[in-house]
Amino acid sequence: MEGEERNEMLVTPWEVRGKVDYERLIKEFGTQPITPTLLERIRRYTGELHIQLRRGIFFSHRDLDVVLDLYDKGVKFVLYTGRGPSGPVHIGHLIPWIFTRYLQEKFNTRLYFQMTDDEKFLVDDKLSLEDTRRFAYENALDLIALGFDPEKTFIIFDVKDIDVLYDIALEVAKRITYSTARATFGFQESTNIGWIFWPALQAAPCFIHAKLTGENVPALIPAAIDQDPYWRVTRDVATKIGYYKPAQIHCRFLPGLGPGGKMSASMPETSIFTTDPPNIVKRKIWNAFTGGRATVEEQRKLGGNPMMCTIFQYYVYLFEEDDAKLAERERRCKNGELLCGECKSDLAERVNRFLEEHRKKREKARDMLDKFYIKR
Ligand code: TYM
């Protein structure tokens with residue numbers, strides 16, 4: 001493949017490639033930017049804005065304004081998000097989940113969380129059903145460790161819980177043609193037929209609350225923008241089967257530690273998994289691509305470039321909550337006071353502290369898992 005082609009942006013639920021241009025995605029996917037007016041409407045209910053909103057990490061939406069209009073009138077909403085359990089969780093996955101937890105707390109609302117052990121079995125030749133089911137339970141521990149409310153959080157393990165999804169998935173599937181699915185998801189002649197039906201199953205939890213409780217309210221889906229194709233087809237079907245269109249709030253990708261691209265489990269050396277021991281975390285961060293200069297002398301003289309530095313992005317996304325301290329780090333980098341070595345070892349320490357706490361909570365979650373099972 002030519003270099004230029006390799007750098008061509010591609011964002012699908014299964015692959016993200018090239019430099020992601022988020023403005024262009026808003027136009028191409030037909031979503032809406034999150035405006036200051038919308039942020040102010042959220043702030044009215046939450047009191048404070050989460051760093052992921054303040055820093056534009058959640059940058060785009062569909063119908064968030066509609067959900068807030070309804071909320072103003074007393075119509076609640078439910079949250080829906082998920083995970084494709086193909087291996088251990090990395091800190092990129094935690095980004096939308098941490099935000100989802102904040103929304104659950106501030107809006108006191110239910111979360112439906114889908115573990116797609118079926119999807120990952122269908123799309124990955126190397127994984128058996130046994131593998132994906134095992135990862136689903138392991139990944140659920142990472143979710144629970146983030147502090148979701150057991151009274152209000154319902155994890156759907158697709159294979160085990162298919163009975164709660166199947167009738168809704170059928171209603172959806174009947175209304176999506178093969179030609180729409182192929183155009184949306186890029187299916188080929190060689191795609192297995194399980195995968196072709198599968199998008200109907202990711203659509204189903206958008207409507208599950210109405211089925212379980214009889215209460216017809218919209219679902220709001222926080223996730224990175226790679227999942228958007230699913231919602232495009234689901235939204236077309238929703239009103240035809242008597243439900244609200246699901247709304248979305250989209251985040252950017254936490255970058256991998258290499259030059260460009262999202263953090264992705266398929267590139268383990270540039271991803272930090274929640275199960276990585278401290279020395280591995282240190283090594284991965286130490287080898288990261290930064291915005292630093294070729295030599296210390298040059299860096300002292302000319303300063304670094306935090307805008308193209310993966311390490312700096314980790315502070316922005318998760319590891320420096322204090323806006324003033326973040327600005328100070330940026331200033332010190334740009335004027336050559338702060339060198340990459342110090343910035344990396346600071347980050348490694350913070351990431352390891354975070355992961356150590358996370359793993360303690362993750363172990364405790366083993367005893368709580370059954371509280372999160374979806375009830376019929
Ligand atoms: P999966 O397992 O690929 O990803 C889980 C969630 O993590 C987001 N994500 C990221 N966010 C920030 N930075 C990254 N580097 C990064 N990589 C992944 C994804 O957008 C997703 O929100 N098919 C889905 C599972 C699913 C789902 C859903 C996801 C089922 N229902 C509803 C979101 C909402 C999947 O394989 O996700």
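The values are calculated or read from the model by the stated rules, or taken from the named source; none is laboratory data. The shown structure was predicted, so the numbers you read here are calculated from the model rather than taken from an experiment. Cβ coordinates were reconstructed from backbone atoms using ideal geometry, including for glycine residues, and neighbour counts include every protein chain displayed. Calculation scope for accessible area: heavy atoms of the full protein, side chains included, ligands and nucleic acids excluded. Shrake-Rupley method; radii C 1.70, N 1.55, O 1.52, S 1.80 Å.
Extension gain, residue 8 to residue 65, is 17.3 nm, computed as 0.36 nm per intervening residue step minus the present C-alpha separation. Against the main long axis of the alpha-carbon atoms of the chain, helix 323-334 sits at an angle near 50°.
Give me the extension gain from residue 180 to residue 331: residue separation times 0.36 nm, minus the current Cα-Cα distance, reported in nm with one decimal. Don't jump to the answer; show the numbers that get you there.
Details: separation 151, 0.36 × 151 = 54.36 nm, distance 4.89 nm.
This chain segment gains 49.5 nm when fully extended.
For the chain, a Gaussian network of Cα nodes joined below 10 Å ranks 191, 275, 132 by mean-square fluctuation, and the top entry is 191.
Could you give the length gained by full extension between residue 125 and residue 375, i.e. 0.36 nm per residue of separation minus their alpha carbon distance, to one decimal place? Intermediate results must be reported in sequence, preceding the final value.
Working: separation 250, 0.36 × 250 = 90.00 nm, distance 3.18 nm.
Computed gain between residue 125 and residue 375 is 86.8 nm.
In this simple spin-label approximation, residue 212 and residue 189 carry label points 7 Å from Cα along the Cα→Cβ vector, and these lie 4.3 nm apart. Dimensions of the chain from C-alpha coordinates, computed as largest minus smallest value along each principal axis and given longest first, are 65, 49, 45 Å. Each residue of the range 145-156 was assigned a 3J(HN,Hα) from its phi angle through the Karplus expression (A = 6.51, B = -1.76, C = 1.60, θ = phi - 60°), giving 4, 7, x, 5, 6, x, 6, 10, 10, 10, 8, 9 Hz with x at Gly and Pro. Please calculate how many Å² of accessible area the chain carries per residue, with a 1.4 Å probe and no DNA, RNA or ligand atoms counted. That works out to 47 Å² for each residue. Under 8 Å for C-alpha pairs, at least 6 residues apart: give me the relative contact order for the range 242-376, rounded to a whole percent. Rounded, it is 22 percent for the range 242-376.
When +1 charges are put on Lys and Arg Cβ atoms and -1 charges on Asp and Glu Cβ atoms, the dipole computed for the chain relative to its Cα centre reaches about 660 debye.
Given the pairs 76/245; 76/106; 160/375; 27/120, which span a C-alpha to C-alpha distance of over 19 angstrom in this model?
Details: 76/245 14 Å; 76/106 12 Å; 160/375 12 Å; 27/120 29 Å.
Beyond 19 Å between Cα atoms: 27/120.
Restricting the GluC sites (Glu not before Pro) of the range 139-226 to loop positions (DSSP other than H, G, I, E, B) with no more than 14 neighbouring Cβ atoms within 10 Å leaves 151, 189, 215.
A helix-only calculation puts the chain at -14000 deg cm²/dmol for mean residue ellipticity at 222 nm, using -39500 (n - 2.57) for each DSSP H run of at least four residues, averaged over all residues.
Please state the shape class of the range 268-363: rounded when a/c is under 1.5, otherwise prolate if a/b exceeds b/c and oblate if not, all from the C-alpha gyration tensor. Can you show the working numbers first?
Working: a/c = 2.69, a/b = 1.71, b/c = 1.57.
Because a/c hits 1.5 or more and a/b exceeds b/c, the range 268-363 counts as prolate.
Ranking 121, 207, 267 by how far each Cα lies toward the positive end of the dipole of the chain (charges on Cβ) leaves 207 at the top.
Ignoring ligands, DNA and RNA, what percent of the 1.4 Å accessible area of the range 51-119 is carbon and sulfur? All intermediate terms of the calculation are to be shown ahead of the outcome.
Numbers: 870 of 1830 Å².
Ligands and nucleic acids excluded, carbon and sulfur give 47 percent.
The mean sequence distance of close C-alpha pairs (under 8 Å, at least 6 residues apart), as a share of the length of the chain, puts its relative contact order at 19 percent. By definition, a body whose alpha carbon gyration tensor gives a ≥ b ≥ c is oblate when a/c is 1.5 or more and a/b is not larger than b/c, and the range 6-162 fits this oblate description.
Using a Gaussian network model of the chain in which every pair of alpha carbons under 10 angstrom is joined by a spring, one finds that among 250, 358, 61 the greatest mean-square fluctuation is at 358. Under 16 Å from a point placed 7 Å out from the Cα of residue 24 along the Cα-to-Cβ direction: which residues of the range 256-273 have their backbone N that close? The answer is 260-262.
Only one residue of 35, 280, 184 has its Cα farthest out toward the positive end of the dipole of the chain, where Lys and Arg carry +1 and Asp and Glu -1 on Cβ, and that residue is 35.
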